[in-house]
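Input: a single structure, listed below in structure tokens.
The values are calculated or read from the model by the stated rules, or taken from the named source; none is laboratory data. What you see is a predicted model, and the numbers here were worked out from it, not measured in a lab. Methodologically, a virtual Cβ is constructed for each residue, glycine included, from the backbone with ideal geometry; neighbour enumeration extends over all protein chains shown. Keep in mind that these areas ignore ligands, DNA and RNA; they rest on the heavy atoms of the full protein, side chains included. Shrake-Rupley method; radii C 1.70, N 1.55, O 1.52, S 1.80 Å.
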Amino acid sequence: MSKLIKKREPWSRFALKALAALVIIGGTLGYAHARYTIGMDSQKIRCLDPYRVFVIDRWNLEPENGILMAFRSNELKPFYPDGTVVVKQIRGMPGDTIKVTTDATYINGGQISHGTAKLAEKLPRPAESYEREFTLADGEYFFMGWHEQSYDSRYWGVVRGNQLLGVAKPLM
């Protein structure tokens, strides 16, 4: 019987292979880091229940009605400091007419959700003060959460295109 003897690879050849593997791994991680980020909902009442963790694709900035999208908050106090990453569902697109009342929210005449009565109890203004009707201009979007107490566009208005961060996909 002959023994199989494995010949050792020269150090320089091993180093070249290791370097190539590190470049591939580093490039993949760099790509993933540049393109994706993780968003977490830390609120007690989640506006997109049952989801708490989202992957945000920062290279996909194409808003579409009905998708979840992340954006940077702007003047959304008292709940979100400016610059907070928020994930909500796009419910209104440019050209849509939005009507918000205390009892219901309408887009282009069709009721899509409840109104402002539930959450307004916790806000400094009465529910009636949020009632309005307007048409979304180019680059304006109307965002909502799924929970009846979601603090969303019914209260603070539109999100502009320059605030969009990317499409969000729920993980868990």
Per residue, what accessible area does the stretch 1-59 have, given a 1.4 Å probe and all protein chains present, in Å²?
-> 89 Å²
Please work out how much length the chain gains when fully extended from ALA20 to GLU128, using 0.36 nm per residue of separation minus the C-alpha to C-alpha distance, in nm with one decimal.
-> 32.5 nm
Arranged from highest to lowest average of other beta-carbon atoms within 10 Å per residue, in what order do the peptides 163-169, 106-112, 125-131, 89-95 appear?
-> 163-169, 89-95, 125-131, 106-112
Helix-only CD estimate at 222 nm, as mean residue ellipticity for the chain, using -39500 (n - 2.57) per DSSP H run (n ≥ 4) | -6000 deg cm²/dmol
Mean accessible surface per residue for the stretch 73-165, computed with a 1.4 Å probe while every protein chain stays in place, in Å² = 48 Å²
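Can you compute the charge dipole magnitude of the chain about its Cα centre, using +1 on each Lys and Arg Cβ and -1 on each Asp and Glu Cβ, nothing else charged? Give it in debye, rounded to the nearest 20.
Using Cβ point charges on Lys, Arg, Asp and Glu, the chain gives about 1600 debye.
Of all accessible surface on the stretch 72-172 at a 1.4 Å probe, what whole percent is carbon and sulfur?
47 percent
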Positive-pole candidate from PHE134, ILE90, GLY109, dipole of the chain, charges at beta carbon = ILE90
Under a GNM of the chain (C-alpha, springs under 10 Å), which listed residue has the highest mean-square fluctuation: THR28, THR101, THR84?
-> THR28
